[in-house]
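**Student:** Structure below; questions to follow.
The values are calculated or read from the model by the stated rules, or taken from the named source; none is laboratory data. What you see is a predicted model, and the numbers here were worked out from it, not measured in a lab. In this analysis, Cβ positions are derived from the backbone assuming ideal geometry, glycine residues included, and neighbour counts consider all displayed protein chains.
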Amino acid sequence: MKKIKTIGLVILTLALTTALTKVIELEARLLLNERIELKIPKNFKIMSEELINIKYPSQRRPTLVYSNESGGINVALNLTQNKASQQEIVAYQNNFVQTFKNLYPSAEWKDNGVKTINGKKVGYLELVTPAIDTEIYNLIFFTDLDGKLLICTFNCTRKDINKWTPVAKEIMNSLKLK
């Protein structure tokens, strides 16, 4: 009888854990005049211009930002005016690593490099940077599009890292240029 109760408790615990764990659904979206395809969390919406101006106060704010309801988890894209080609991705990657090391000497580096995604060289940086009241997980990935540098970023707060890191990597690995 005790064994049956234990098995029942284990089954109930597993059922509750599964019910309480939200699966993050991604959907492929055509973005930037249908020039790229990228998986974005299904419930993310385009961030308002006002919120973009507050969250990204610099002149180099992203072209397009998708965000969760609170605005705390984002996928941002920026097609810059910087010239870029497949041959320059490694140089951009090295430059970005050095720039971020200078800007954030206390950053916690997770990974960086260049990999091939859907036939294109893509540079990436994965790090946790300090912010005013928390730390921010950043996955920054970039490649060339129409002779320009395309920069995509995923970010969330430290408390969400474990849940969102695999999702961020799936987003990066879904990048397709049209």
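**Student:** Kindly provide the set of residues from the range 114-139 that are aliphatic (A, V, I, L, M), surrounded by fewer than 20 Cβ atoms within 10 Å (Cβ to Cβ) and under 13 Å from Met172 (Cα atoms), ordered by number.
**Tutor:** If the condition is that a residue be aliphatic (A, V, I, L, M), surrounded by fewer than 20 Cβ atoms within 10 Å (Cβ to Cβ) and under 13 Å from Met172 (Cα atoms), then Val114, Ile117 are the ones that fit.
**Student:** List the residue pairs whose Cβ atoms are under 6 Å apart, where the first residue sits in the range 42-63 and is without any contact (Cβ under 8 Å) to a residue 24 or more places away in the chain, the second is in a loop (DSSP other than H, G, I, E, B) and surrounded by fewer than 13 Cβ atoms within 10 Å (Cβ to Cβ), and the two are 6 or more positions apart or on different chains.
**Tutor:** Lys42/Glu25
**Student:** Next question. Are any residues in the range 68-113 outside any helix (DSSP H, G or I) and buried (at least 16 other Cβ atoms within 10 Å of the Cβ), and if so, which ones? It would help to see each step written out before you state the result.
**Tutor:** We begin by selecting, within the range 68-113, every residue outside any helix (DSSP H, G or I); these are 68-85, 104-113.
Within the range 68-113, Asn68, Ile73, Asn74, Val75, Ala76, Leu77, Asn78, Leu79, Ala84, Tyr104, Ala107, Asn112 qualify.
**Student:** Another question about this same structure. Hey, among the residues in the range 156-176 that are assigned to a helix (DSSP H, G or I) and among the polar types (S, T, N, Q), which one's farthest from Ala76 (Cα to Cα)?
**Tutor:** Initially, the range 156-176 is screened for residues assigned to a helix (DSSP H, G or I), giving 158-173.
Now restrict to residues that are among the polar types (S, T, N, Q): 162, 165, 173.
On the way: Asn162: 20, Thr165: 16, Asn173: 15 Å.
The selected residue is Asn162.
**Student:** Of the numbered conditions (1) at pLDDT below 95; (2) farther than 22 Å from Arg158 by Cα; (3) of a type outside the set (Val, Ile, Thr), Asn94 fails exactly one; give the number of that condition.
**Tutor:** In the conditions (1) at pLDDT below 95; (2) farther than 22 Å from Arg158 by Cα; (3) of a type outside the set (Val, Ile, Thr), Asn94 misses (1) alone.
**Student:** For the range 1-49, give me the residue count where each residue is assigned to a helix (DSSP H, G or I) and at pLDDT 95 or above. First the steps, then the outcome.
**Tutor:** First pass over the range 1-49, keeping only residues assigned to a helix (DSSP H, G or I): 2-20, 49.
Then drop every residue that is not at pLDDT 95 or above, which leaves none.
The total comes to 0.
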